[in-house]
Amino acid sequence: AAGQVGGPQPAAAGQVGGPQPAAAGQVGGPQPGSLAEQIAKARQHIKNSLEAVELVGEEKVLAAKFSSLELENKELRKVTEDLKSLVVSLSTRVGKLESGGAATTAVAPAAATEDDDDVDLFGSDDEEEDAEKARITAERLKAYHEKKSKKPTVIAKTSVLFDVKPWADDTDLDAMKAACLGIEMEGLVWGASKLVPVGYGIQKLQIMCTVEDEKVSIEELGEKMEAFEEFVQSVDVAAMNKI
């Protein structure tokens, strides 16, 4: 037409360049190469990726579960084997006990039968022999007890060395010694004595004795010697040995 310039005419007002949209009522997906198609592909790719990630996670969970199940299975097998061994051992022991009990039961009637066969209804010399054995045993026991009762009992004794100190250097030591040795107690035996210098001209009397522990108290004996106050200042135990 007059005035037209060669080439494609510009679109009419309101029209947008590029492919025209499908007519109303047309059905179909996005046109190849269109933005909608690219968005759809991207969405599908994302969906596939998410599914793949979920599958990997599920595979890891399943693998962990399988490992746990394998471990539990091994433990159960071990427990089963132990129980099996225990049952076999118990069965063996029960079998031995049963066989032993059966043998004992079998022997017992036989022994009873033999005893019944040996019964002498009219008496025998066995009773007399048993009575003689019992009499001999009783006599031996009696002799043993008599011998044991006659065995001397060990008497515990103690050897004691006393230090008897006078009041002064002019104390009559002979009188002090005579007074101490004059003490008499059951189980007391006086021994040697001597005078030992103490210092400043004073001497002490050392006197030994042997006492029976059950009859004589060493403390009481010392108190009896200290009772001679005109001679004795103090009495100490210098040494003591068990006999």
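Listed residues Asp174, Asp163; which is farther than 16 Å from Ile243 by Cβ, open to solvent by less than 50 Å² (accessible area, probe 1.4 Å) and not in a loop (DSSP other than H, G, I, E, B)? Of Asp174, Asp163, the one residue that is farther than 16 Å from Ile243 by Cβ, open to solvent by less than 50 Å² (accessible area, probe 1.4 Å) and not in a loop (DSSP other than H, G, I, E, B) is Asp163.
Taken as a whole, the structure places Ala112 among residues that are hydrophobic (A, V, I, L, M, F, W, C), open to solvent by less than 50 Å² (accessible area, probe 1.4 Å) and either at pLDDT below 95 or not in a helix (DSSP H, G or I) (or both). Per the conditions (1) under 15 Å from Gly222 (Cβ atoms); (2) assigned to a loop (DSSP other than H, G, I, E, B), the sole criterion not satisfied by Glu184 is (1). Filter the range 137-155 down to the residues that are of a type outside the set (Ser, Thr, Tyr) and either assigned to a helix (DSSP H, G or I) or at pLDDT 90 or above (or both) and list them by number. If the condition is that a residue be of a type outside the set (Ser, Thr, Tyr) and either assigned to a helix (DSSP H, G or I) or at pLDDT 90 or above (or both), then Ala138, Glu139, Arg140, Leu141, Lys142, Ala143, His145, Glu146, Lys147, Lys148, Lys150 are the ones that fit. Looking across the range 209-237 at every residue that is more than 54 Å from the chain's Cα centre (by Cα) and over 12 Å from Pro166 (Cα atoms), the one that is surrounded by the fewest Cβ atoms within 10 Å (Cβ to Cβ) is identified as Ala227.
Against the criterion of being touching a strand residue (DSSP E or B) at 6+ places or on another chain (Cβ under 9 Å) and either modelled with pLDDT of 95 or more or open to solvent by less than 40 Å² (accessible area, probe 1.4 Å) (or both), Val198 does not qualify. Taking the listed residues Ile183, Ile155, the one that is in contact with a helix residue (DSSP H, G or I) (Cβ under 6 Å, 6 or more places away or on another chain), among the aliphatic types (A, V, I, L, M) and closer than 24 Å to Val211 by Cα is Ile183, with no other qualifying.
The values are calculated or read from the model by the stated rules, or taken from the named source; none is laboratory data. Quick caveat: nothing in here was measured; it's all calculated off a predicted structure. Because the Cβ atoms are built from the backbone with ideal geometry, glycine has one as well, and the counts that use them run over all protein chains shown. Note: areas computed on protein heavy atoms with side chains; ligands, DNA, RNA excluded. Shrake-Rupley method; radii C 1.70, N 1.55, O 1.52, S 1.80 Å.
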